[in-house]
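Please find one structure pasted underneath; my questions will follow.
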Amino acid sequence: MNPSDEILDIVDENDEVIGQAPRGEATARGLRHRCAFIEVRDAEGRIFVHRRTATKLVFPSHYDMFVGGVVGAGETYDEAALREAEEELGVTGLPRPEPLFKFLYESDRHRWWSYVYRVRCELPVKPQVEEVAWHTFLTDAELAERLGEWLWVPDGLECHRRLRAFREAS
């Protein structure tokens with residue numbers, strides 16, 4: 001199936017389902033939907049970082065420090081988080097990602113409820129070639145150095161900022 005044809009739940013400002021639409025239409029019209037963001041760390045505590053493929057519908061060829069994606073119609077955030085993490089990392093048997101917090105991401109073109117998770121992946125990764133053009137694991141310091149150098153997905157940057165604030169408040 002073409003990713004643009006995937007059916008998504010369309011939600012209101014309270015994250016309540018108000019309808020459904022194909023992913024391509026939701027993106028083109030800026031309809032509010034749901035996404036899962038998963039911070040993946042390896043056994044050494046390094047963060048999985050990747051560059052999205054040039055064929056991605058949203059933010060092609062941008063770098064991201066989260067795996068994840070849209071929540072399908074009728075799917076829970078938790079189900080989407082595990083599915084997306086395993087798909088993008090190319091693994092099976094990943095521990096269930098731990099839910100941390102939810103926020104509404106809004107820009108001039110995009111709007112989605114974003115549930116943030118974390119998971120430790122000690123399995124060898126073989127990222128999905130349709131999603132990931134390049135990948136590595138970076139320390140927190142290495143990631144911080146590259147934040148001003150690489151072209152990052154804006155929602156991932158916002159999620160990263162909120163995750164840092166969440167950790168500082170915990």
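The values are calculated or read from the model by the stated rules, or taken from the named source; none is laboratory data. Keep in mind the model is a prediction, meaning the values are calculated, not measured. Cβ coordinates were reconstructed from backbone atoms using ideal geometry, including for glycine residues, and neighbour counts include every protein chain displayed. Areas reflect the complete protein model, heavy atoms only, side chains present, ligands, DNA and RNA absent. Shrake-Rupley method; radii C 1.70, N 1.55, O 1.52, S 1.80 Å.
In degrees between 0 and 90, to the nearest 10, how far off the longest principal axis of the chain does helix 77-89 point, with axes built from Cα atoms?
Approximately 50 degrees, to the nearest ten.
For segment 45-57, just list the computed ³J(HN,Hα) in residue order, Karplus coefficients 6.51, -1.76 and 1.60, θ = phi - 60°, integers in Hz, with x standing in for Gly and Pro.
With the stated coefficients, segment 45-57 comes to x, 7, 8, 6, 10, 8, 10, 5, 5, 5, 8, 5, 5 Hz.
Can you check what the net charge comes to around V125, using other residues whose Cβ is under 11 Å from the Cβ of V125 (Lys, Arg +1; Asp, Glu -1)? Each step should come with its number before you reach the end.
Values: positive: K126; negative: D42, E86, E88, E122.
Every neighbour counted, the sum reads -3.
Please list, short to long, the whole-number percent of alpha-carbon pairs of the chain in consecutive 10 angstrom bins beginning at zero.
10, 40, 39, 11, 0
Then there is this: Which residue, I38, I18, I47, has the most motion in a Gaussian network model of the chain that connects Cα atoms within less than 10 Å?
Residue with maximal mean-square fluctuation among I38, I18, I47: I18.
Distance in nm between label sites at E168 and V17, each 7 Å beyond Cα in the beta-carbon direction?
Taking the two extended label points, one gets 3.8 nm.
For the chain, find the longest principal axis of its Cα atoms and tell me its angle to the long axis of helix 154-169, 0 to 90°, nearest 10.
Long axis of 154-169 versus the principal axis of the chain: about 60 degrees.
In square angstrom, what is the accessible area per residue of the chain with a 1.4 angstrom probe?
Working: 8560 Å² over 170 residues.
Accessible area per residue: 50 Å².
Oh, and also: Identify, among L147, W134, F59, the residue whose Cα sits farthest towards the positive end of the charge dipole of the chain, taking +1 on the Cβ of Lys and Arg and -1 on the Cβ of Asp and Glu, with the dipole about the Cα centre.
Comparing the listed Cα positions along the dipole, L147 ranks first.
Still on this structure, I have one more. Under unit Cβ charges (Lys, Arg +1; Asp, Glu -1), what dipole magnitude, rounded to 20 debye, does the chain have relative to its Cα centre?
On the way: 22 positive and 32 negative charges, 59 e Å.
The calculation lands at about 280 debye.
Further question: Within segment 131-148, name every residue whose backbone N is under 14 Å away from a label modeled 7 Å from Cα of S61 along the Cβ vector.
133-134
Considering only W113, W134, W152, give the residue with the highest GNM mean-square fluctuation for the chain, with springs between Cα atoms whenever their separation is below 10 Å.
Looking only at W113, W134, W152, the biggest GNM fluctuation is shown by W134.
Describe numerically, in nm with one decimal, the distance between label points set 7 Å from Cα along Cα→Cβ at K126 and at T92.
If labels sit at K126 and T92, their model points lie 1.1 nm apart.
Here's a follow-up. Does segment 62-160 come out rounded, prolate or oblate by the C-alpha gyration tensor, with a ≥ b ≥ c the root eigenvalues, rounded set by a/c under 1.5 and, if not, prolate when a/b is larger than b/c and oblate if not?
oblate
Given a 1.4 angstrom probe, I'd like the percentage of the accessible area of the chain that is carbon and sulfur, rounded to a whole number.
Carbon and sulfur atoms account for 49 percent of the accessible area of the chain.
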